[in-house]
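Here's the structure, in C-alpha cells; my notes come after.
The values are calculated or read from the model by the stated rules, or taken from the named source; none is laboratory data. None of these values were measured; they are calculated from a predicted model. Positions of Cβ are backbone-derived with ideal geometry, glycine not excepted, and every protein chain shown enters the neighbour counts.
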Amino acid sequence: MADEVLEILFDEQQIRARVADLAREITKEYAGRRLVLVSILRGSVFFATDLARQIELPLSMDFLSISSYGEDSEGVVRITKDLEENIAGKDVLVIEDIIDTGFTLKYLLRTLASRNPKSLEVCALLDRRARRIIEIELKYIGFEIPDKFVVGYGLDYRQRYRNLPYIGVLKPD
Ligand code: PRP
C-alpha cells in the first residue's frame with residue numbers, strides 16, 4: 001500500500017469481480033446490439049478498458065474530454081476533446097469513474113442526447129451519493145462509496161495515484 005493511503009476501500013480482486021459482474025449484465029442487456037462505449041477522460045480510462053475487455057459484444061470505444069470551470073462551476077462544462085464517432089442511432093453507454101454532484105453528467109447527457117443516439121445510459125464505477133445535487137439515473141453502478149476522498153484505479157489527487165491497482169482513501173495531508 002502506498003504510504004499516503006490510509007485505507008483500501010476496494011482491492012484489485014474486488015474491483016475485478018465487480019467489473020466482471022457489470023460486464024455480464026451489460027452483455028446480457030445489450031444482446032444482439034452493437035455498443036458505443038464513451039469513456040470520459042481521464043479518470044474512467046482504467047475502468048472503461050477493463051470493462052470493455054469483459055463485454056462479449058461488438059463494440060467501439062470513444063473518448064470525450066471536458067473541463068469544468070473551477071470548484072463551484074455548477075455544471076458549466078466545456079468539451080475540450082469531442083467524440084470521433086457520430087453516435088446518431090447508436091446504443092451509447094457513458095463510462096464514468098465517479099459521480100458526485102451530478103453536474104458534469106447532467107451536462108454530458110444533455111449534450112449527447114441532442115445528437116440523437118438510439119439509447120443513452122450511464123455506467124459509473126463509483127457513486128458518492130452524499131454529494132449529489134442533481135438526481136440522475138445511473139443504469140449501472142460499481143460501488144456506492146462514503147463521502148471520503150478516494151484515489152486509485154483511475155482516480156487522482158493532483159494527477160497522482162491514478163495507477164494504483166486498488167481504490168483507497170488518502171491520508172489527510
Ligand atoms: C470527475 C468524474 C466526473 C466528475 C464528477 O472528473 O470523472 O467527470 O468529476 O463530478 P460531479 O458529479 O460533481 O460533476 P474529474 O474532474 O476529477 O476529472 P478526471 O476524470 O480527469 O480526474
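Listing for the model above:
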item: Single condition LEU138 does not satisfy, out of (1) out of contact with any strand residue (DSSP E or B) (no Cβ under 7 Å at 6 or more places or on another chain); (2) modelled with pLDDT of 95 or more; (3) under 25 Å from TYR107 (Cβ atoms); (4) not aromatic (Phe, Trp, Tyr); result: (1)
item: Flag for GLY168 being within 29 Å of ARG110 (Cα to Cα), touching a residue at least 40 places away in the same chain (Cβ under 8 Å) and either surrounded by 15 or more Cβ atoms within 10 Å (Cβ to Cβ) or in contact with a strand residue (DSSP E or B) (Cβ under 8 Å, 6 or more places away or on another chain) (or both); result: no
item: Counted residues, segment 22-35 - those being loosely packed, with under 13 Cβ neighbours inside 10 Å and out of contact with any Lys or Arg (no Cβ under 9 Å at 6 or more places or on another chain); result: 3
item: Out of LEU83, LEU93, LEU105, sole residue that is touching an Asp or Glu at 6+ places or on another chain (Cβ under 9 Å), near the ligand (Cβ under 9 Å from one of its atoms) and under 17 Å from ILE40 (Cα atoms); result: LEU105
item: Selection from segment 113-125 of residues that are under 30 Å from GLN14 (Cβ atoms) and either touching a Lys or Arg at 6+ places or on another chain (Cβ under 8 Å) or away from the ligand (no atom under 12 Å from the Cβ) (or both); result: SER119, LEU120, GLU121, VAL122, CYS123
item: Segment 36-67 - residue that is assigned to a helix (DSSP H, G or I) and in contact with a Lys or Arg (Cβ under 9 Å, 6 or more places away or on another chain) and, of those, nearest to the ligand (Cβ to nearest atom); result: VAL45
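To keep it simple, each residue is scored yes or no on (1) surrounded by 13 or more Cβ atoms within 10 Å (Cβ to Cβ); (2) of a type outside the set (Val, Ile, Thr); (3) assigned to a loop (DSSP other than H, G, I, E, B); (4) touching a His at 6+ places or on another chain (Cβ under 6 Å).
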residue: THR80; (1), (2), (3), (4): no, no, no, no
residue: LEU83; (1), (2), (3), (4): yes, yes, yes, no
residue: ILE87; (1), (2), (3), (4): yes, no, yes, no
residue: LEU108; (1), (2), (3), (4): yes, yes, no, no
residue: LEU126; (1), (2), (3), (4): yes, yes, no, no
residue: ILE141; (1), (2), (3), (4): yes, no, no, no
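One line per residue, one yes/no per condition, for (1) among the hydrophobic types (A, V, I, L, M, F, W, C); (2) touching a strand residue (DSSP E or B) at 6+ places or on another chain (Cβ under 6 Å):
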| site | (1), (2) |
| --- | --- |
| ALA88 | yes, no |
| ASP91 | no, yes |
| ARG115 | no, no |
| ARG131 | no, no |
| GLY152 | no, yes |
| GLN159 | no, no |
